[in-house]
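Colleague: Encoded as structure tokens, here's the structure I'll be asking about.
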Amino acid sequence: MKHTAKMAVGAAILAALTGSSFAQQRMGWDEAYKLADKKLTELTLDEKVSLVRGYSTFFFNGVPAKGIPYLYLSDASQGVHMRDNLPDPTMVDQLERSTALPSPIALAATFDPALAYRYAEVVGEECRAGGIEVLLGPGMNIYRNSQNGRNFEYMGEDPQLASEIVAAYVRGMQSTGTAACLKHFVCNETEFYRRRSNSVVDERALHEIYLPPFKAGIDAGVAYVMTSYNRVNGEWAGQSDFVITELLRKRLGFRGCVMTDWTSVYDTEKLVKSGQNVEMPGRREVVPEVHELLRQGRLTEADIDRMIRPNLATGYAFGFYDREKYDRSLLDRIPGHAATVYEVASKATVLLRNNGILPLKADGRKILVAGTFLDEIPRGRGSAAVEGFDNVTLREALAEAFGAAVIFAENPDKQQIADADAVIVSIGTIDAESFERPFALPTEQEKFVCEAVETNPNTIVLVNSGSGIRMSKWNERAAAILYGWYPGQNGFRAIADILTGKVNPSGKLPMTLEREFADSPAAGTMPAGAEFYHKAPRAYNERMIRLYDVDYKESVLVGYRWYETKGIAPLYPFGFGLSYTTFALDKPRAAKVFPADKPLKVTVTLTNTGARNGEEVVQLYVSENSPTVVRPRKELKAFRRVELAAGKSAQVEFELDRSALAFWDEASHDWKVNPGEYTLSLGTSSADIAATLPVTVK
Ligand code: BGC
């Protein structure tokens, strides 16, 4: 091992990441539930019923006279969404500014849980400074559908990647004293009329694909979970006994507090009996309806106690009822948070293609910068939007990096493009909650890129989007392509530094980029003939829309599992991303037989075979050779980001638990590992497998 020091630091961070979640709580759950039960004996029935709903859009209701304060909840995973629409702004003394981080999908593209921990610390510290007890994130719905307008808020298509990022995020966030909230539970993978969709999903897909990131967040000690807008197999998630009591409580062992998504439940009796804990922000009618149901005997006081008890217990467990609301000392840390934005953006940006034009040397050459987002920071919209401060635009970042060599023209003519020594074309989309958006760019934008790459062979395309876009029409003609996601307030500096070569790119795709949307299992999610953009005011329009099914017919074959198993070549595979250096993997080693009582140790040597320092993500996939049910060709089960100096080697070690081989058995309703032959694949993307190893399970 050539870089022991680095690995030692890595080990310390890993220890922090895997450390006990209890440390983040003030007390254990049993003790917290005892205090909640005691408090219940002090509350009147009216007070109890008042707690079944929220207060004033972003608060949990309180009973201040009895020691239950209002708790302030705020979005979003990528920073603090500053509310200018609080109906009662006197309730909190808001932050003056908050840091806009790169979007969560960018965080996933770093494949770096230790960085996810620090990312979440940034958000958590700002919440704590601003009196926000609960941060409404992280989001972790699975990228099964490139057109989902909220993909930017989530962690990509793979449950292992999402799980590791989510667990680190939860620990980082909660280490600051701010509680995290996993969302949206569960199977909320489309935004097209999200209050009208019914996700039809089988048991295996639920357990193998959609639940693991939630399980990881729960095991990391998360305080809250938010249910989703959609129905799951016929019932609205927020009032579904199956979703809340069966899956979340019994299967995943969650002991904290569940909340509904904002205005997502319809039946008060079901709501109370489902295991839900608080309706957010709460229909006007819910309190009178609960009283009426109590009067009729269809609900009892014990039902209300059961409903609100976890909310109280969570307040005690996390110490929210007797601490100072604000930790103003943390305000001093806000200016330093931009460094994390830069670091995440520099590790998240994916170099998809490079004919050698990058790094780009100015050398007195003329670089034309054209297209969108020159003066606007691209970012996801909706509840997750964060404006940031001291924003650095692409124009500013490129001018800083290249000086007088760059000239800007949003819509250059053909001659200007042809005359430049190199062209940087910036394109992308602004994705948003409650909208799907077409995979293909708007026609004009797509036409513009096609023309640019045809006119000038030295055209570099920079994509900023929260999700995949169609690139198949121009991909092969581009000299280089960088995928920059939503980079956050100063992330364009990192992208500019990648263009100049000051930073060596190391991001990896957290999802497959398909050639055409028709290749995706999610093609056809929107009902036939449906339009992308809502034309009428949504509340009105939504009621006019028929309930529709989102059929998860591909079952467990989501993302690369689909493309590989079906033999459909994607444009760029999951886990892919280039560097300015090159890496090689060799000497893979593992026992031939999976040990009966301990994890399997897998090692491989990674060598930086190029001329500059860089980072690579080593990925370990497993496959069952003769499965008894349809299984993906292979599945990611471990990964490790490694930093290596030019010419150096390091031994990368994985410990694979037997559960990494398991599938969900629908007959026994449990995980199962068949005896037999398995294959371990080690690579630097799902399609670049350098070595395989056989392993037998007895
Ligand atoms: C979103 C949630 C968000 C909530 C509060 C809902 O519309 O789906 O993700 O946390 O609003 O803003």
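Colleague: Sorted by accessible area (1.4 Å probe), largest first, how do 307, 82, 27 line up?
Modeller: Most to least solvent-accessible, the answer reads 82, 27, 307.
Colleague: How big is D, in µm² s⁻¹, for the chain by Stokes-Einstein at 10 °C and 1.306 mPa s if Rh is the Kirkwood radius over C-alpha pairs?
Modeller: Result for D is 61 µm²/s.
Colleague: Further, regarding this structure: Work from the charge dipole of the chain (Cβ charges, +1 for Lys and Arg, -1 for Asp and Glu, about the Cα centre) and give the residue of 86, 108, 525 farthest towards its positive end.
Modeller: Of the listed residues, the answer is 108.
Colleague: Full-extension gain between residue 365 and residue 657, please, as 0.36 nm times their residue separation minus the C-alpha to C-alpha distance.
Modeller: In short, 99.7 nm is gained.
Colleague: Give a quick list of GluC sites (Glu not before Pro) in region 259-326 that DSSP marks as loop, anything other than H, G, I, E or B, with at most 12 other Cβ atoms within 10 Å.
Modeller: Sites meeting the loop and neighbour criteria: 285, 324.
Colleague: Compute the separation of the alpha-carbon centres of region 650-698 and region 346-408 and state it in Å as a whole number.
Modeller: Each part's Cα centre sits 40 Å from the other's.
Colleague: Moving to a separate point now. Using a simple charge model, +1 on the beta-carbon of Lys and Arg, -1 on the beta-carbon of Asp and Glu, nothing else, what dipole does region 143-256 show about its Cα centre, in debye to the nearest 20?
Modeller: Dipole about the Cα centre, nearest 20: 340 debye.
Colleague: Another question, then. Would you compute, from DSSP H runs of 4+ residues alone, the mean residue ellipticity of the chain at 222 nm, taking -39500 (n - 2.57) per run and dividing by the full residue count, rounded to the nearest 500?
Modeller: Value at 222 nm, helices only: -7500 deg cm²/dmol.
Colleague: Mind listing the phi-derived Karplus ³J(HN,Hα) values for region 605-611, rounded to whole Hz, using 6.51, -1.76 and 1.60 with θ = phi - 60°, and x for any glycine or proline?
Modeller: Once θ is set to phi - 60°, the couplings for region 605-611 become 9, 9, 10, 7, 8, x, 9 Hz.
Colleague: If you don't mind, another one. Relative contact order (percent) for region 2-325, with alpha-carbon contacts under 8 angstrom and 6 or more residues of separation?
Modeller: 21
Colleague: Accessible area per residue of region 341-500 at 1.4 Å probe, in Å²?
Modeller: 33
Colleague: Toward the positive end of the charge dipole of region 63-190, about the Cα centre and with charges on Cβ (Lys, Arg +1; Asp, Glu -1), which of 187, 74, 155 goes farthest?
Modeller: Sorting the options by dipole projection puts first 187.
Colleague: How would you classify region 546-674 from its alpha-carbon gyration tensor, with a ≥ b ≥ c the square roots of the eigenvalues: rounded for a/c under 1.5, else prolate if a/b is greater than b/c, otherwise oblate?
Modeller: It comes out oblate by the Cα gyration axes.
Colleague: Which net charge results for the neighbourhood of residue 601, defined as the other residues with beta-carbon distances under 12 angstrom from its beta-carbon, given Lys and Arg at +1 and Asp and Glu at -1?
Modeller: Taking every Cβ under 12 Å from that of residue 601, the sum is -1.
Colleague: I'd like the orientation of helix 338-348 relative to the chain: the angle between its Cα long axis and the longest Cα principal axis, in ° from 0 to 90, rounded to 10.
Modeller: Once rounded, the angle reads 60 degrees.
Colleague: Give me the accessible area of residue 421, 1.4 Å probe, in Å² rounded to the nearest 10.
Modeller: 60
Colleague: Oh, and also: Need one number: nm distance between label points at residue 298 and residue 38, each 7 Å from Cα along Cα→Cβ, rounded to one decimal.
Modeller: 3.7
Colleague: Next question. Leaving out ligands, DNA and RNA, what percent of the accessible area of the chain is carbon and sulfur, probe 1.4 Å?
Modeller: 51
Colleague: So, one more: With both bridge residues required to lie in region 341-500, what share of the DSSP beta bridges run antiparallel, to the nearest 5%?
Modeller: Roughly 15 percent of the beta bridges in region 341-500 run antiparallel, per DSSP.
Colleague: Which ³J(HN,Hα) values in Hz, rounded to whole numbers, follow from the phi angles of region 114-119 under the Karplus curve 6.51 cos²θ - 1.76 cosθ + 1.60, where θ = phi - 60° and Gly and Pro get x?
Modeller: In residue order, the calculated couplings are 5, 6, 4, 4, 6, 4 Hz.
Colleague: Oh, and also: Positive end of the charge dipole of region 583-697 (Lys, Arg +1 and Asp, Glu -1 on Cβ, about the Cα centre): tell me which of 583, 660, 683 has its Cα farthest that way.
Modeller: Positive-end residue among those listed: 583.
Colleague: Can I ask one more? Calculate the length of the line joining the C-alpha centroid of region 69-107 to that of region 440-476, in whole Å.
Modeller: Distance between centres, Cα-based: 34 Å.
Colleague: Turning to a different aspect of this structure: Just how large is the dipole of the chain about the Cα centre, in debye to the nearest 20, putting +1 at every Lys and Arg Cβ and -1 at every Asp and Glu Cβ?
Modeller: About 1180 debye.
Colleague: Restricting to bridges with both residues inside the chain, how much of the DSSP beta-bridge set is antiparallel, in percent to the nearest 5?
Modeller: Taking every DSSP beta bridge with both residues in the chain, the antiparallel ones total about 60 percent.
Colleague: A further question follows. For residue 390, what is the net charge nearby, where nearby means another residue's Cβ is under 14 Å from its Cβ and Lys, Arg count +1, Asp, Glu -1?
Modeller: -2
Colleague: For residue 300, what accessible surface area do you get with a 1.4 Å probe? Give it in Å², rounded to 10.
Modeller: My reading of the accessible area for residue 300 is about 70 Å².
Colleague: Now for a different question. Using the Karplus equation 6.51 cos²θ - 1.76 cosθ + 1.60 (θ = phi - 60°), what ³J(HN,Hα) coupling, rounded to whole Hz, does each residue of region 223-235 give in order, writing x for Gly and Pro?
Modeller: Per-residue couplings from phi come out as 8, 10, 9, 9, 7, 9, 6, 6, 7, 10, 6, x, 10 Hz.
Colleague: Using modelled backbone amide H atoms (1.01 Å from N, in-plane), which distant-in-sequence or interchain residues come within less than 5 Å of residue 424's amide H?
Modeller: Long-range HN contacts for residue 424: 368, 369, 370, 460.
Colleague: Which percent, nearest 5, of DSSP beta bridges in region 2-325 are antiparallel?
Modeller: Bridges in region 2-325 that DSSP calls antiparallel: roughly 30 percent.
Colleague: Using a simple charge model, +1 on the beta-carbon of Lys and Arg, -1 on the beta-carbon of Asp and Glu, nothing else, what dipole does region 583-697 show about its Cα centre, in debye to the nearest 20?
Modeller: Dipole of region 583-697, to the nearest 20 debye: 320 debye.
Colleague: Moving on to the next point. Could you give the angle, 0 to 90 degrees to the nearest 10, between helix 301-317's Cα long axis and the longest principal axis of the Cα atoms of the chain?
Modeller: 50
Colleague: Right, another one. Return the distance in nm (one decimal) between the two label points of a simple spin-label model at residue 444 and residue 609, each offset 7 Å from Cα along Cα→Cβ.
Modeller: For residue 444 paired with residue 609, the spin-label model returns 4.7 nm.
Colleague: Among the trypsin sites (Lys or Arg not before Pro) in region 577-621, which ones are in a DSSP loop with at most 13 other Cβ atoms within 10 Å of the Cβ? Mind listing them?
Modeller: Taking region 577-621 and a limit of 13 other Cβ atoms within 10 Å, the loop trypsin sites (Lys or Arg not before Pro) found are 592.
Colleague: For region 593-698, what does the relative contact order come out to in percent, with C-alpha contacts under 8 Å and a separation of six or more?
Modeller: Relative contact order for region 593-698 comes out at 34 percent.
Colleague: Would you mind calculating the gained length between residue 325 and residue 667 on full extension (0.36 nm times residue separation, minus the Cα-Cα distance), in nm to one decimal?
Modeller: 118.1 nm
Colleague: What does the charge add up to near residue 415, with Lys and Arg as +1, Asp and Glu as -1, over the other residues with Cβ less than 15 Å from its Cβ?
Modeller: After counting each charged neighbour, the total is -3.
Colleague: Any idea what angle helix 159-174 forms with the longest principal axis of the chain, computed on alpha-carbon atoms, 0 to 90 degrees, nearest 10?
Modeller: Tilt relative to the chain: about 60 degrees.
Colleague: Just how far, in whole angstrom, is region 291-332 from region 120-177 if you go by their alpha carbon centroids?
Modeller: Using only Cα atoms to place each centre, the spacing works out to 23 Å.
Colleague: Please give the solvent-accessible surface of residue 433 in Å², to the nearest 10, using a probe radius of 1.4 Å with every protein chain present.
Modeller: Solvent-accessible area, nearest 10 Å²: 30 Å².
Colleague: Percent relative contact order of the chain, based on C-alpha pairs within less than 8 angstrom and at least six residues apart?
Modeller: Result for the chain is 15 percent.
The values are calculated or read from the model by the stated rules, or taken from the named source; none is laboratory data. A quick note: this is a predicted structure, and the numbers were derived from the prediction, not measured. FYI the Cβ positions are ideal-geometry reconstructions off the backbone, even for glycines, and counts take in every protein chain you see. Side chains are part of the model used for accessible areas, which takes the heavy atoms of the whole protein and leaves out ligands, DNA and RNA. Shrake-Rupley method; radii C 1.70, N 1.55, O 1.52, S 1.80 Å.
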